[in-house]
There are 2 protein chains.
Amino acid sequence: MLFNLNKAIEILERTPDTLTSMLDGLSDEWINNNEGEETWSPFDVIGHLIHGEKTDWLVRTELILSDKTDKKFPEFDRFAQFEESKGKTLSQMLNEFKILRKNNLEVLQSKNITVEDLNKTGVHPTFGDVTLKQHLSTWVAHDLGHIAQISRIMAKQYRDDVGPWRAFLPILDR
Amino acid sequence: MLFNLNKAIEILERTPDTLTSMLDGLSDEWINNNEGEETWSPFDVIGHLIHGEKTDWLVRTELILSDKTDKKFPEFDRFAQFEESKGKTLSQMLNEFKILRKNNLEVLQSKNITVEDLNKTGVHPTFGDVTLKQHLSTWVAHDLGHIAQISRIMAKQYRDDVGPWRAFLPILDR
(Lines give C-alpha, C1' and ligand atoms only; values in the text may rest on other atoms or scores of the structure.)
Protein backbone atom coordinates (compact mmCIF):
# COMPACT_ATOMS: atom_id res chain seq x y z
CA MET A 1 0.00 0.00 0.00
CA LEU A 2 1.57 3.28 -1.07
CA PHE A 3 1.20 6.38 1.09
CA ASN A 4 -1.65 8.59 -0.04
CA LEU A 5 -2.77 11.62 1.96
CA ASN A 6 -6.50 11.01 1.54
CA LYS A 7 -6.15 7.42 2.72
CA ALA A 8 -4.05 8.53 5.66
CA ILE A 9 -6.78 10.99 6.63
CA GLU A 10 -9.34 8.15 6.51
CA ILE A 11 -7.60 6.68 9.55
CA LEU A 12 -6.81 9.94 11.33
CA GLU A 13 -10.39 11.19 11.17
CA ARG A 14 -11.74 7.93 12.66
CA THR A 15 -9.52 7.72 15.72
CA PRO A 16 -11.53 9.99 18.06
CA ASP A 17 -14.78 8.08 17.47
CA THR A 18 -13.00 4.74 17.77
CA LEU A 19 -11.54 5.71 21.15
CA THR A 20 -14.86 7.13 22.32
CA SER A 21 -16.63 3.88 21.38
CA MET A 22 -13.98 1.86 23.21
CA LEU A 23 -13.68 3.89 26.39
CA ASP A 24 -16.43 6.41 27.11
CA GLY A 25 -18.59 5.29 30.03
CA LEU A 26 -16.40 2.38 31.15
CA SER A 27 -15.86 1.67 34.84
CA ASP A 28 -12.88 3.41 36.46
CA GLU A 29 -10.88 0.20 36.70
CA TRP A 30 -10.82 -0.24 32.92
CA ILE A 31 -9.80 3.41 32.46
CA ASN A 32 -7.19 3.78 35.19
CA ASN A 33 -5.49 0.39 35.48
CA ASN A 34 -2.20 -0.02 33.63
CA GLU A 35 0.22 -2.82 32.72
CA GLY A 36 2.36 -2.45 35.87
CA GLU A 37 4.90 0.02 37.23
CA GLU A 38 5.96 2.84 34.89
CA THR A 39 3.32 1.95 32.30
CA TRP A 40 0.34 3.91 31.06
CA SER A 41 -3.39 3.51 31.60
CA PRO A 42 -5.95 4.17 28.82
CA PHE A 43 -6.52 7.55 30.55
CA ASP A 44 -2.81 8.39 30.22
CA VAL A 45 -2.79 7.42 26.53
CA ILE A 46 -5.66 9.79 25.73
CA GLY A 47 -3.75 12.60 27.47
CA HIS A 48 -0.69 11.76 25.36
CA LEU A 49 -2.74 11.90 22.15
CA ILE A 50 -4.12 15.31 23.15
CA HIS A 51 -0.60 16.61 23.75
CA GLY A 52 0.41 15.35 20.30
CA GLU A 53 -2.44 17.26 18.66
CA LYS A 54 -1.36 20.43 20.44
CA THR A 55 2.40 20.30 20.02
CA ASP A 56 3.51 17.71 17.49
CA TRP A 57 1.69 16.55 14.38
CA LEU A 58 0.38 19.75 12.84
CA VAL A 59 3.12 21.94 14.34
CA ARG A 60 5.86 19.88 12.70
CA THR A 61 3.90 19.66 9.43
CA GLU A 62 3.69 23.46 9.31
CA LEU A 63 7.38 23.76 10.12
CA ILE A 64 8.32 21.43 7.26
CA LEU A 65 6.14 23.39 4.83
CA SER A 66 7.33 26.79 6.06
CA ASP A 67 10.03 29.02 4.59
CA LYS A 68 12.05 29.02 7.81
CA THR A 69 15.70 28.15 7.48
CA ASP A 70 15.84 26.37 10.85
CA LYS A 71 13.48 23.41 10.57
CA LYS A 72 14.57 21.64 13.71
CA PHE A 73 11.52 20.13 15.46
CA PRO A 74 10.94 21.17 19.08
CA GLU A 75 11.31 18.20 21.44
CA PHE A 76 8.10 16.29 22.19
CA ASP A 77 7.35 15.76 25.89
CA ARG A 78 6.20 12.16 26.30
CA PHE A 79 5.17 12.77 29.90
CA ALA A 80 3.33 16.10 29.64
CA GLN A 81 -0.06 14.41 30.06
CA PHE A 82 0.60 13.55 33.70
CA GLU A 83 0.31 17.25 34.56
CA GLU A 84 -2.08 18.32 31.82
CA SER A 85 -4.72 15.66 32.45
CA LYS A 86 -5.05 16.40 36.16
CA GLY A 87 -8.62 17.10 37.25
CA LYS A 88 -10.13 16.18 33.87
CA THR A 89 -12.59 13.35 33.29
CA LEU A 90 -12.04 10.86 30.50
CA SER A 91 -15.19 12.09 28.71
CA GLN A 92 -13.85 15.63 28.73
CA MET A 93 -10.54 14.44 27.32
CA LEU A 94 -12.13 12.34 24.59
CA ASN A 95 -14.13 15.37 23.57
CA GLU A 96 -11.07 17.63 23.67
CA PHE A 97 -9.17 15.16 21.48
CA LYS A 98 -12.05 15.00 19.01
CA ILE A 99 -12.18 18.79 18.61
CA LEU A 100 -8.39 19.18 18.33
CA ARG A 101 -8.13 16.39 15.75
CA LYS A 102 -11.01 17.79 13.69
CA ASN A 103 -9.45 21.25 13.62
CA ASN A 104 -6.00 19.89 12.82
CA LEU A 105 -7.31 17.85 9.90
CA GLU A 106 -9.17 20.87 8.55
CA VAL A 107 -5.95 22.89 8.60
CA LEU A 108 -4.03 19.96 7.09
CA GLN A 109 -6.50 19.65 4.22
CA SER A 110 -6.51 23.41 3.62
CA LYS A 111 -2.80 23.23 2.75
CA ASN A 112 -3.45 21.31 -0.48
CA ILE A 113 -0.31 19.26 0.03
CA THR A 114 1.28 18.13 -3.24
CA VAL A 115 3.40 15.07 -3.99
CA GLU A 116 6.37 17.44 -4.08
CA ASP A 117 5.51 18.77 -0.61
CA LEU A 118 5.60 15.22 0.74
CA ASN A 119 9.33 15.11 0.00
CA LYS A 120 10.09 18.31 1.92
CA THR A 121 12.04 17.78 5.12
CA GLY A 122 12.37 18.90 8.71
CA VAL A 123 15.00 17.97 11.28
CA HIS A 124 14.04 15.44 13.93
CA PRO A 125 15.97 15.69 17.24
CA THR A 126 17.06 12.03 17.00
CA PHE A 127 16.78 11.04 13.34
CA GLY A 128 17.96 14.21 11.56
CA ASP A 129 16.27 14.86 8.20
CA VAL A 130 12.81 13.34 7.85
CA THR A 131 10.28 13.92 5.08
CA LEU A 132 6.72 15.15 5.41
CA LYS A 133 5.57 11.80 4.04
CA GLN A 134 7.41 9.97 6.82
CA HIS A 135 5.98 12.36 9.40
CA LEU A 136 2.38 11.95 8.18
CA SER A 137 2.68 8.15 7.87
CA THR A 138 3.93 8.13 11.44
CA TRP A 139 0.91 10.12 12.61
CA VAL A 140 -1.31 7.31 11.24
CA ALA A 141 0.79 4.43 12.58
CA HIS A 142 1.08 6.21 15.96
CA ASP A 143 -2.74 6.42 16.26
CA LEU A 144 -3.09 2.74 15.42
CA GLY A 145 -0.28 1.79 17.81
CA HIS A 146 -2.07 3.52 20.67
CA ILE A 147 -5.42 1.90 19.85
CA ALA A 148 -3.62 -1.46 20.01
CA GLN A 149 -1.91 -0.43 23.25
CA ILE A 150 -5.22 0.48 24.91
CA SER A 151 -6.69 -2.87 23.82
CA ARG A 152 -3.67 -4.64 25.29
CA ILE A 153 -3.77 -2.75 28.61
CA MET A 154 -7.42 -3.69 29.07
CA ALA A 155 -6.96 -7.32 27.94
CA LYS A 156 -4.18 -7.76 30.49
CA GLN A 157 -6.58 -7.03 33.33
CA TYR A 158 -7.90 -10.56 32.66
CA ARG A 159 -4.53 -12.25 32.20
CA ASP A 160 -5.01 -14.54 35.16
CA ASP A 161 -8.78 -14.91 34.82
CA VAL A 162 -8.56 -16.55 31.39
CA GLY A 163 -6.74 -19.55 32.91
CA PRO A 164 -5.29 -21.93 30.27
CA TRP A 165 -6.45 -19.73 27.37
CA ARG A 166 -3.49 -17.44 28.08
CA ALA A 167 -1.50 -19.72 25.77
CA PHE A 168 -3.84 -18.82 22.87
CA LEU A 169 -3.94 -15.06 23.55
CA PRO A 170 -0.51 -13.60 22.70
CA ILE A 171 -1.73 -10.08 23.53
CA LEU A 172 -1.65 -11.00 27.24
CA ASP A 173 2.12 -11.41 27.24
CA ARG A 174 3.25 -8.55 25.03
CA MET B 1 -8.92 -6.20 38.59
CA LEU B 2 -11.16 -9.10 39.59
CA PHE B 3 -13.51 -10.64 37.04
CA ASN B 4 -17.01 -9.24 37.29
CA LEU B 5 -19.71 -10.10 34.76
CA ASN B 6 -21.09 -6.57 34.46
CA LYS B 7 -17.63 -5.14 33.81
CA ALA B 8 -16.94 -7.86 31.25
CA ILE B 9 -20.16 -6.93 29.46
CA GLU B 10 -19.03 -3.26 29.38
CA ILE B 11 -16.29 -4.33 26.96
CA LEU B 12 -18.31 -6.91 25.01
CA GLU B 13 -21.14 -4.49 24.28
CA ARG B 14 -18.74 -1.84 22.95
CA THR B 15 -16.83 -3.97 20.45
CA PRO B 16 -19.25 -3.73 17.49
CA ASP B 17 -19.34 0.08 17.63
CA THR B 18 -15.58 0.27 18.08
CA LEU B 19 -14.99 -1.86 15.00
CA THR B 20 -17.57 0.08 13.00
CA SER B 21 -15.88 3.36 13.93
CA MET B 22 -12.50 1.94 12.94
CA LEU B 23 -13.41 0.28 9.69
CA ASP B 24 -16.74 1.21 8.11
CA GLY B 25 -16.23 3.26 4.96
CA LEU B 26 -12.46 2.78 4.67
CA SER B 27 -10.84 2.25 1.27
CA ASP B 28 -10.52 -1.35 0.12
CA GLU B 29 -6.77 -1.42 0.69
CA TRP B 30 -7.17 -0.80 4.42
CA ILE B 31 -9.85 -3.49 4.64
CA ASN B 32 -8.32 -6.20 2.49
CA ASN B 33 -4.55 -5.95 2.96
CA ASN B 34 -3.00 -8.30 5.49
CA GLU B 35 0.38 -8.78 7.20
CA GLY B 36 1.76 -11.19 4.58
CA GLU B 37 1.19 -14.76 3.47
CA GLU B 38 -1.18 -16.84 5.62
CA THR B 39 -2.24 -13.83 7.70
CA TRP B 40 -5.61 -12.17 8.06
CA SER B 41 -6.99 -8.87 6.80
CA PRO B 42 -9.37 -6.71 8.89
CA PHE B 43 -12.16 -8.19 6.69
CA ASP B 44 -11.12 -11.73 7.68
CA VAL B 45 -11.05 -10.81 11.37
CA ILE B 46 -14.63 -9.50 11.29
CA GLY B 47 -15.72 -12.78 9.67
CA HIS B 48 -13.95 -14.69 12.45
CA LEU B 49 -15.73 -12.64 15.12
CA ILE B 50 -19.09 -13.36 13.46
CA HIS B 51 -18.35 -17.08 13.45
CA GLY B 52 -17.51 -16.88 17.17
CA GLU B 53 -20.86 -15.26 17.94
CA LYS B 54 -22.65 -18.03 16.04
CA THR B 55 -20.79 -21.09 17.25
CA ASP B 56 -18.57 -20.40 20.25
CA TRP B 57 -19.12 -17.89 23.04
CA LEU B 58 -22.79 -18.26 23.89
CA VAL B 59 -23.01 -21.89 22.73
CA ARG B 60 -20.27 -22.95 25.14
CA THR B 61 -21.72 -20.79 27.94
CA GLU B 62 -25.05 -22.58 27.56
CA LEU B 63 -23.35 -25.97 27.51
CA ILE B 64 -21.50 -25.20 30.76
CA LEU B 65 -24.74 -24.07 32.43
CA SER B 66 -26.79 -26.99 31.09
CA ASP B 67 -27.68 -30.26 32.81
CA LYS B 68 -26.00 -32.35 30.10
CA THR B 69 -23.55 -34.97 31.30
CA ASP B 70 -21.27 -34.59 28.27
CA LYS B 71 -19.99 -31.01 28.38
CA LYS B 72 -17.31 -31.39 25.77
CA PHE B 73 -17.15 -28.24 23.61
CA PRO B 74 -17.56 -28.69 19.86
CA GLU B 75 -14.36 -27.74 17.97
CA PHE B 76 -14.16 -24.12 16.80
CA ASP B 77 -13.31 -23.65 13.12
CA ARG B 78 -10.72 -20.86 12.91
CA PHE B 79 -11.02 -20.71 9.14
CA ALA B 80 -14.79 -20.84 8.64
CA GLN B 81 -14.91 -17.16 7.72
CA PHE B 82 -13.12 -17.69 4.41
CA GLU B 83 -16.23 -19.47 3.08
CA GLU B 84 -18.88 -17.67 5.12
CA SER B 85 -17.76 -14.12 4.27
CA LYS B 86 -17.79 -14.67 0.51
CA GLY B 87 -19.88 -12.13 -1.37
CA LYS B 88 -20.52 -9.97 1.69
CA THR B 89 -19.45 -6.37 2.10
CA LEU B 90 -17.65 -5.21 5.21
CA SER B 91 -20.59 -2.96 6.13
CA GLN B 92 -22.95 -5.94 5.98
CA MET B 93 -20.63 -7.96 8.17
CA LEU B 94 -20.18 -5.19 10.75
CA ASN B 95 -23.94 -4.94 10.96
CA GLU B 96 -24.34 -8.71 11.24
CA PHE B 97 -21.76 -8.80 14.03
CA LYS B 98 -23.55 -5.99 15.86
CA ILE B 99 -26.92 -7.80 15.78
CA LEU B 100 -25.46 -11.16 16.80
CA ARG B 101 -23.51 -9.64 19.69
CA LYS B 102 -26.52 -7.68 20.92
CA ASN B 103 -28.71 -10.79 20.91
CA ASN B 104 -26.03 -12.91 22.55
CA LEU B 105 -25.55 -10.39 25.37
CA GLU B 106 -29.30 -10.23 25.93
CA VAL B 107 -29.42 -14.01 26.29
CA LEU B 108 -26.33 -13.95 28.53
CA GLN B 109 -27.87 -11.35 30.85
CA SER B 110 -31.18 -13.21 30.98
CA LYS B 111 -29.41 -16.16 32.61
CA ASN B 112 -28.77 -14.23 35.85
CA ILE B 113 -25.40 -15.91 36.23
CA THR B 114 -24.33 -16.27 39.87
CA VAL B 115 -20.85 -16.40 41.41
CA GLU B 116 -21.43 -20.13 41.83
CA ASP B 117 -22.29 -20.51 38.13
CA LEU B 118 -18.93 -18.91 37.26
CA ASN B 119 -17.17 -21.92 38.76
CA LYS B 120 -19.10 -24.46 36.68
CA THR B 121 -17.04 -26.22 34.03
CA GLY B 122 -17.08 -27.50 30.49
CA VAL B 123 -14.47 -29.55 28.64
CA HIS B 124 -12.25 -27.73 26.17
CA PRO B 125 -10.83 -29.90 23.33
CA THR B 126 -7.24 -28.91 24.22
CA PHE B 127 -7.30 -27.73 27.84
CA GLY B 128 -9.77 -30.14 29.43
CA ASP B 129 -11.85 -28.67 32.28
CA VAL B 130 -12.33 -24.90 32.08
CA THR B 131 -14.64 -22.71 34.17
CA LEU B 132 -17.35 -20.38 32.96
CA LYS B 133 -15.36 -17.51 34.46
CA GLN B 134 -12.33 -18.44 32.35
CA HIS B 135 -14.51 -18.77 29.26
CA LEU B 136 -16.18 -15.37 29.73
CA SER B 137 -12.88 -13.62 30.56
CA THR B 138 -11.51 -15.09 27.35
CA TRP B 139 -14.43 -13.70 25.35
CA VAL B 140 -13.40 -10.21 26.55
CA ALA B 141 -9.67 -10.65 26.02
CA HIS B 142 -10.33 -12.20 22.59
CA ASP B 143 -12.31 -9.12 21.49
CA LEU B 144 -9.53 -6.81 22.66
CA GLY B 145 -6.88 -8.99 21.04
CA HIS B 146 -8.61 -8.71 17.68
CA ILE B 147 -9.05 -4.92 17.98
CA ALA B 148 -5.29 -4.73 18.60
CA GLN B 149 -4.66 -7.10 15.68
CA ILE B 150 -6.70 -4.96 13.27
CA SER B 151 -4.81 -1.85 14.42
CA ARG B 152 -1.53 -3.67 13.84
CA ILE B 153 -2.49 -4.96 10.37
CA MET B 154 -3.37 -1.43 9.27
CA ALA B 155 -0.32 0.19 10.88
CA LYS B 156 1.94 -2.24 9.05
CA GLN B 157 0.74 -0.93 5.70
CA TYR B 158 2.96 2.10 6.49
CA ARG B 159 5.93 0.16 7.85
CA ASP B 160 8.26 1.41 5.15
CA ASP B 161 6.66 4.84 4.73
CA VAL B 162 7.44 5.91 8.31
CA GLY B 163 11.18 5.73 7.56
CA PRO B 164 13.35 6.04 10.70
CA TRP B 165 10.33 6.23 13.03
CA ARG B 166 9.98 2.46 12.67
CA ALA B 167 12.41 2.22 15.60
CA PHE B 168 9.92 4.09 17.82
CA LEU B 169 6.82 2.14 16.69
CA PRO B 170 7.06 -1.41 18.06
CA ILE B 171 3.67 -2.29 16.58
CA LEU B 172 5.25 -2.35 13.11
CA ASP B 173 7.45 -5.32 13.96
CA ARG B 174 5.10 -7.49 16.00
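For chain A, modelled as a GNM whose springs connect Cα atoms under 10 angstrom apart, the maximal fluctuation among A:124, A:51, A:135 occurs at A:124.
Each other copy holds its own label point for residue B:83; taking that point as 7 Å from Cα along Cα to Cβ, the gaps run 6.1 nm, nearest first. Ranked by solvent-accessible area (1.4 Å probe, protein heavy atoms only, all chains present), the residues B:40, B:30 order from largest to smallest as B:40, B:30. For the range B:48-118, the list of trypsin sites (Lys or Arg not before Pro) that fall in a loop by DSSP and count at most 11 other C-beta atoms within 10 angstrom reads B:68, B:78, B:86.
When +1 charges are put on Lys and Arg Cβ atoms and -1 charges on Asp and Glu Cβ atoms, the dipole computed for the range A:52-174 relative to its Cα centre reaches about 280 debye.
Using the Kirkwood radius built from alpha carbon pairs, what does the Stokes-Einstein equation give as D for the range B:19-174 at 37 °C and 0.692 mPa s, in µm² per second? Working shown, then result.
Numbers: Rh = 17.4 Å.
Estimated via Stokes-Einstein, D reaches 189 µm²/s.
Once the partner protein chains are put back, the range A:1-42 shows a loss of at least 40 square angstrom of accessible area, versus the chain by itself, at A:1, A:7, A:10, A:11, A:14, A:18, A:21, A:22, A:26, A:27, A:29, A:30 (probe 1.4 Å, ligands and nucleic acids excluded). With all protein chains in place and a 1.4 Å probe, the accessible surface of the range A:5-173 carries 47 percent carbon and sulfur. Computed from Cα atoms alone, the Kirkwood hydrodynamic radius reported for the protein assembly as shown is 21.4 Å. Note that chain A presents 46 Å² accessible area per residue, ligands and nucleic acids not counted, probe 1.4 Å.
Which one of B:113, B:162, B:124 has its Cα pushed farthest toward the positive end of the charge dipole of the range B:72-174, where Lys and Arg give +1 and Asp and Glu give -1 at the Cβ? The residue sitting most towards the positive pole is B:162. For GluC sites (Glu not before Pro), the sites in the range A:51-87 that DSSP calls loop and that have at most 15 other Cβ atoms within 10 Å are A:75. Take the accessible area of chain B alone and of chain A alone, subtract that of the pair, and you get about 4900 Å² summed over both chains, using a 1.4 Å probe. Here the Gaussian network model covers chain A, with springs between Cα atoms less than 10 Å apart; of A:125, A:164, A:42, A:164 fluctuates the most.
Once you order the gyration tensor axes a ≥ b ≥ c over the Cα atoms, which shape class does the range B:1-40 get: rounded for a/c under 1.5, otherwise prolate or oblate by comparing a/b with b/c? Show your work: numbers first, answer last.
On the way: a/c = 5.51, a/b = 1.98, b/c = 2.79.
In terms of gyration-tensor shape, oblate.
Compute the distance from the alpha-carbon center of the range A:44-85 to that of the range B:116-160, in whole Å. First find each Cα centre; the distance between them is then 36 Å.
Nearest 5 is fine: what % of DSSP beta bridges in the protein assembly as shown come out antiparallel, could you say? It would help to have the intermediate numbers written out before the result.
On the way: 8 of 10 bridges.
Of the beta bridges lying entirely in the protein assembly as shown, close to 80 percent run antiparallel.
Legend: residues A:162, A:107, sorted from most to least accessible area (1.4 Å probe; ligands, DNA and RNA excluded), read A:107, A:162. From a point 7 Å beyond the Cα of residue A:98 in the direction of its Cβ, which residues of the range A:37-69 have a backbone N at a distance under 16 Å? A:46-47, A:50, by backbone N distance to the label point.
Once backbone amide H atoms are built at 1.01 Å from N, residue B:35 has B:40 as its partners under 5 Å, excluding neighbours fewer than 5 places away on the same chain. When the square roots of the Cα gyration tensor eigenvalues are ordered a ≥ b ≥ c, the ratio a/c for the range B:80-131 is 1.5 or more and a/b does not exceed b/c, which makes its shape oblate.
The values are calculated or read from the model by the stated rules, or taken from the named source; none is laboratory data. Not measured: the values here are computed from a predicted model. Glycine also receives a Cβ, built like all others from the backbone with ideal geometry; neighbour counts cover every protein chain displayed. Just so you know, the surface numbers come from the protein's heavy atoms only, side chains and all, with ligands and any DNA or RNA stripped out. Shrake-Rupley method; radii C 1.70, N 1.55, O 1.52, S 1.80 Å.
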